[in-house]
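The values are calculated or read from the model by the stated rules, or taken from the named source; none is laboratory data. Predicted, not measured: the structure shown is a model, and the values here were computed from it. Ideal geometry is used to build each Cβ from the backbone, glycine not excepted, and the neighbour counts take in all protein chains shown.
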Amino acid sequence: MVVLMKKPKTFEILFTDPRKAFYCSGDKVAGRVVLEVSEVTRLSALRLSALGSARVEYSKGKQRCRQELDYLRYEETLHLDDQPTDSDGSVTLRPSNRYEFTFGFELPQHGQLVSSYKGKFGCVQYYVKAVMERLSQPPLECRKEFEVEEPLDINTPDLLSPAGGMKEKKVTCMFIPDGQVSLSAKIDRKGFCEGEDIYISAKFENTCSRIVVPKAAIIAKHIYQANGRTKVFRQKLSSVRGNHIISGMCDVWQGKSIRVPKMKPSILGCSIIRVEYALMIYVHIPGSDKLTLELPLVIGTVPYNGFSSRTNSMSSQEGGEMSDSWVSLGLPSSPPSYSDIAHDCMLDSPITPLLDDYDSGDSPIFVRAAGFQFPPPPAYSEIDPEPNGSADLLQVC
């Protein structure tokens, strides 16, 4: 008959540097296993193992998809210094003492690990586990997780190269052609880090009879693969919007910014879990599907090493079609023209029903903006060097 003994008073794993947020390839993971017993205990062995794996699990119809991939496997038996052992190799632990078993191991070199991750249908986890083996007693175990973040440098030729594209969509109303909506957009590089601003240069044209709204959003795409099947989960992280564009007009973004929020770096080296990001630039068209353009993004850990994120992100546009923006020059804007003020009042009037965000449902196809009063001209004593002005909202040529 086996007599069950009391559980240890203390049985836990402590890392040497508890403030360390994450580990990288090649780092040493060190710590100690602290053990305090409530009664005299004969310890036959204390085994430590470090494990790391990627795991995917989800249901696809009636089939249960599951797959696992190991990245780290380490084992050792821990010993106490200057502690006498019995003839069978066991150690007697007494309640009045505190025992500390030290450990340390190195993580595999670069390219052999994947950053820690927890998602909807999978995860990448790393942990240290200690197993306490006692004579004539069931083993006890404790574990402690640690984070791994693989460095991802965005200062590579591919990630510093620009990305852009253009899309257009023909709009119909009751199967009758109703003009088209088009967009062209460009960003100066594909690699970014948390907290950086992405500057967008874009042009939107609207020749249909509806009022459309341009928008941009950072999208995360989580890709899970198991048993030969693939599951994709998309998530919108942050977004910005532009002014409404009425029929026959166009709008230009010259360095419109969207900030990269707090997020995990891209995961590109795992065969069963991938985390990809994209900048989605789209136009909301009432009564029709969105016009969407996706530009690839890679979120890294090593930030851009240019002189200034804001200045360098715009400098690559010099000499291009949209390089005259005051943002890229770093100069204050010229005094607003009368047409600028009239445009702002016309599109941002709080009594215009089109200001609602209609992404979540249908919206009226045709709306009539309420009347407004022109404000007085701006009180500038200087002579406008560009008497014609250049409003953000331009007529489609």
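Below is a table of values for the structure above.
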quantity: Identity of the residue in segment 30-46, surrounded by fewer than 20 Cβ atoms within 10 Å (Cβ to Cβ) and over 16 Å from T85 (Cβ atoms), that ends up farthest from the chain's Cα centre (by Cα); calculated: E39
quantity: Residue satisfying all of: in segment 197-209; within 19 Å of P303 (Cβ to Cβ) and out of contact with any Phe, Trp or Tyr (no Cβ under 7 Å at 6 or more places or on another chain); surrounded by the fewest Cβ atoms within 10 Å (Cβ to Cβ) among these; calculated: D197
quantity: Unmet requirement for R241, which otherwise passes all of (1) surrounded by 16 or more Cβ atoms within 10 Å (Cβ to Cβ); (2) touching a Lys or Arg at 6+ places or on another chain (Cβ under 9 Å); (3) among the basic types (K, R); calculated: (1)
quantity: Selection status of G111, within 30 Å of G26 (Cα to Cα), in a strand (DSSP E or B), in the same structural domain as V29 (by TED's automatic domain parsing) and among the small types (G, A, S); calculated: no
quantity: Matching residues, segment 134-160, being of a type in the set (A, V, I, L, M) and more than 17 Å from the chain's Cα centre (by Cα); calculated: L135, L140, L160
quantity: Conditions (1) in contact with a His (Cβ under 9 Å, 6 or more places away or on another chain); (2) surrounded by 15 or more Cβ atoms within 10 Å (Cβ to Cβ): number failed by F103; calculated: (1)
quantity: From K231, K236, residue being assigned to a strand (DSSP E or B), more than 12 Å from I299 (Cα to Cα), of a type outside the set (A, V, I, L, M) and within 18 Å of the chain's Cα centre (by Cα); calculated: K236
quantity: Hits in segment 142-159 (condition: part of a loop (DSSP other than H, G, I, E, B) and in contact with a Phe, Trp or Tyr (Cβ under 8 Å, 6 or more places away or on another chain)); calculated: F146, E147, E149, I154, N155
quantity: First in segment 220-245 and on the phi > 0 side of the Ramachandran plot, second anywhere and crowded, with 17+ Cβ neighbours inside 10 Å and in a strand (DSSP E or B), Cβ under 6 Å, 6 or more apart; calculated: N227/C65
quantity: Boolean, L291 is touching a strand residue (DSSP E or B) at 6+ places or on another chain (Cβ under 6 Å) and either β-branched (V, I, T) or touching a residue at least 24 places away in the same chain (Cβ under 8 Å) (or both); calculated: yes
quantity: A21 closer than 30 Å to F233 by Cα and surrounded by 14 or more Cβ atoms within 10 Å (Cβ to Cβ); calculated: no
quantity: Residue check for E168: assigned by TED's automatic domain parsing to the domain that holds Y282, in a loop (DSSP other than H, G, I, E, B) and surrounded by fewer than 19 Cβ atoms within 10 Å (Cβ to Cβ); calculated: no
